[in-house]
1. Separation between the ASP46 and ALA107 pseudo-spin-labels, each 7 Å from Cα along Cα→Cβ, expressed in nm?
2. What is the packing order of peptides 21-27, 89-95, taking the mean over residues of other C-beta atoms within 10 Å and listing the highest first?
3. So for the chain: antiparallel DSSP bridges make up what percent, rounded to the nearest 5?
4. Suppose R0 equals 22 Å. What FRET efficiency, 1/(1 + (r/R0)^6) with r the Cβ-Cβ distance, do ASP29 and GLU60 give to the nearest 0.05?
5. Relative to 2.2 N^0.38 Å, what does the C-alpha radius of gyration of segment 113-183 come to as a ratio? Two decimals please.
6. Specify the inter-centroid distance of segment 1-74 and segment 161-179, based on alpha-carbon positions, in whole Å.
7. Taking the alpha carbon gyration tensor of segment 1-116, what are the square roots of 5 times its eigenvalues, largest first, to the nearest whole Å?
8. State, as an integer percentage, the relative contact order of the chain based on alpha-carbon contacts under 8 Å between residues 6 or more apart.
Amino acid sequence: MADDFRTTEVGARYAQALFDLALETGKLDAVRSDLLSLKAAWIESDDLRRMAQSPLLSAEEQGRGLTAVATAAKFETTTVNFLGLLAQNGRARDLAGVITGFETLYARHTGVVAAEIVSAVALTPLQTTHIRGALVQALGKVPELTTRVDPSILGGLKVKVGSKLFDASLKTKLDQMKFALKRA
């Protein structure tokens, strides 16, 4: 699921079109906010992912589903129309790539540094503050943080800043140890 959020060629092209439209119409921040909400929904909702990725549903059905979700969430008209167009063109399955592409374009345009923190358990506000401080020192900028819980990493953290991933998870360390033991 988290792997859904990689940039793809198709996702990048649609993201560029949406970004240009949002910028041109002065709706850039509203569309970005919509996409952040949609990303959270994508991560949380198996039904949303299945609906968008199902080969059994027609483009029209996927479009109705996506626009219904967007309308219920009171998304900007630009976002609602874009989601309908994405589905109409048979590209609803590329939504995660579009969101990632848009985030990249937004960050480049505004100078925002986005960082995603993945932990095995929810972070306390104090832990988040410490991580933010460490990232400020490392990056020289105040990052915009998003956090996600993934119990499969067992412990530690994964921090993704742009295309760089810093993996200090217990699962990765155990996998490295297992590999080293097999080689010995």
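What follows draws every value from the coordinates through simple rules; no lab data is involved. Bear in mind that the values here come from a model prediction, so they are computed numbers and not experimental data. No Cβ is skipped: glycine too gets one built from the backbone with ideal geometry, and neighbour counts run over all protein chains shown.
1. The modelled label-to-label distance comes out at 3.0 nm.
2. Highest-to-lowest ranking by the protection proxy: 89-95, 21-27.
3. 65
4. Working: r = 31 Å, r/R0 = 1.39.
Using R0 = 22 Å, I get an efficiency of 0.10.
5. 1.20
6. Segment 1-74 and segment 161-179 have Cα centres spaced 29 Å from each other.
7. Numbers: eigenvalues 88, 47, 34 Å².
The answer is 21, 15, 13 Å, longest axis first.
8. 22
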